[in-house]
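Data first, discussion second: the structure below is written as structure tokens.
The values are calculated or read from the model by the stated rules, or taken from the named source; none is laboratory data. Predicted model, so just to flag it, every value in this text is computed and none were measured. So basically every Cβ, Gly included, is an ideal-geometry build from the backbone, and we count neighbours across all protein chains shown. Areas reflect the complete protein model, heavy atoms only, side chains present, ligands, DNA and RNA absent. Shrake-Rupley method; radii C 1.70, N 1.55, O 1.52, S 1.80 Å.
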Amino acid sequence: MRTSYVIAHPESTHHVEGLVGGWYDSRLTPAGLRAADAIAEALRSRIPAQVDVELFSSDLRRAASTATVIGNVLQVPPILDPRLREKSYGEAEGKPQEWLDRRFVRPPVVGERMGHFEGIQGSETIAALARRIYAAMDAIRQHDCEHQIVVTHGGAITFVLAAWMMLPIESLGYARFHAAPGSITELREDDYFHNRQVVSLGDTRHLTGECLR
């Protein structure tokens, strides 16, 4: 049986400063660093000692820092992969969220949603985001390891989960999975049928008040 843990990096400076994230390389806040410690200890309690563990992470600083904390506790080096980054918001990244909100073009209710241009120069379409995350998850799936950890971003998690469940990309025009910052999503694949189960989505029970602020 294979178990995968998908981590949404915890609170970062762009969250508290009201800035657009995307590929903007914000760092963890003090509360975010405390949350990273809590995530690592929660994973340590779930993953048996003396078993093989692999740790993959987005290379953006807020995710990579989270992975480093986890790796130090589990004694496994993180493998950084830029394909696990958040969606790129192009020229909006690092700007106030209101700047993006004023220019954002919402996708149509019916029609082309995956390739929809959101009105922001340099931003990724949902289709482009999905393709690169699927490529990253395809590579991770090739590793024969009983416990795998993937550290990524809140907006990217939908596509990490969809890729893990092997859903076709074209089916994702409307699908979204919400996982709060600092949460753990647990996925499981059985050895017999190789069915894939979402055991828990966006679990934050390991976060105390001081992790939240």
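May I ask you to give the percent of accessible area on region 83-184 that is carbon plus sulfur, with a probe radius of 1.4 Å? Exposed carbon and sulfur together represent 55 percent of the surface. Descending by average beta-carbon neighbour count within 10 Å, the peptides 126-132, 191-197, 156-162, 137-143 line up as 156-162, 126-132, 137-143, 191-197, the highest first. Normalised per residue, the accessible area of the chain is 48 Å², obtained with a 1.4 Å probe and no contribution from ligands, DNA or RNA.
Quote the charge dipole size of the chain about the Cα centre in Debye, to the nearest 20; the model charges only the Cβ of Lys and Arg (+1) and of Asp and Glu (-1).
That gives the chain a dipole magnitude of about 380 debye.
I need the peptides 26-32, 111-117 ranked by packing, meaning the mean over residues of other C-beta atoms within 10 angstrom, with the highest value on top.
Highest mean packing first, the order is 26-32, 111-117.
Dividing the helix sum by the residues of the chain, where each DSSP H run of 4 or more adds -39500 (n - 2.57), gives a mean residue ellipticity at 222 nm of -10000 deg cm²/dmol.
Label-to-label distance, residue 110 versus residue 180, with points set 7 angstrom from Cα along the beta-carbon direction: 3.7 nm.
Model label points for residue 190 and residue 52, set 7 angstrom from Cα along the Cα-to-Cβ axis, are 2.3 nm apart.
Between residue 117 and residue 198, what is 0.36 nm times their sequence separation minus the Cα-Cα distance? Round to one decimal in nm. Please report the intermediate quantities before stating the final value.
Values: separation 81, 0.36 × 81 = 29.16 nm, distance 3.10 nm.
Working it through step by step, the gained length comes to 26.1 nm.
Averaging 1/r over every pair of different alpha carbons in region 59-213 and inverting the result gives a Kirkwood radius of 17.2 Å.
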